[in-house]
Amino acid sequence: MGSFHNELTEKLMDTIVNLKTKADCYDFFEDVCTIKEIIDMSKRLEAAKMLNKGLSYKEIIEKIGLSTATLSRVSKALNYGTGGYKKAIEKNK
């Protein structure tokens, strides 16, 4: 378990899991995050999908505009992380 796992984060994850519609998700995330944070998370997920398909850093940077540092972090998490990106990619094929 990561060091951020605690009672409050458990409640947050329960809340996210229990959102039923895409509209509910939009409403929740727009209230909780800045628009930039939502866009950044979206770009990271898209980068993980692209890396998983074998696209190069250059192709990904050109298509979605991530920094090389962020793309490197996404790649590290995709390859050596907890499997969260891979689960998300698999569930959204």
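Side notes on the structure shown:
- On the stretch given as the stretch 40-55, residues that are of a type in the set (A, V, I, L, M) and at positive phi total 0.
- Scanning the stretch 78-93 for residues that are assigned to a helix (DSSP H, G or I), over 14 Å from GLU46 (Cβ atoms) and among the small types (Gly, Ala, Ser) yields one hit, GLY84.
- Qualifying positions in the stretch 84-93 - out of contact with any helix residue (DSSP H, G or I) (no Cβ under 6 Å at 6 or more places or on another chain) and surrounded by 11 or more Cβ atoms within 10 Å (Cβ to Cβ): GLY84, LYS86, ALA88
- The single condition among (1) in contact with a helix residue (DSSP H, G or I) (Cβ under 8 Å, 6 or more places away or on another chain); (2) closer than 19 Å to ALA88 by Cα; (3) among the charged types (D, E, K, R) that LYS22 does not meet is (1).
- Residue count, the stretch 1-37 (criterion: of a type in the set (Asp, Glu) and surrounded by 10 or more Cβ atoms within 10 Å (Cβ to Cβ)): 5
- Meets criteria (in a loop (DSSP other than H, G, I, E, B) and at pLDDT 95 or above) for GLY54: yes
The values are calculated or read from the model by the stated rules, or taken from the named source; none is laboratory data. Just so you know, these numbers come straight off a predicted model, no measurement behind them. Here the Cβ is made from the backbone with ideal geometry for all residues, glycine too, and neighbour counts use every protein chain on show.
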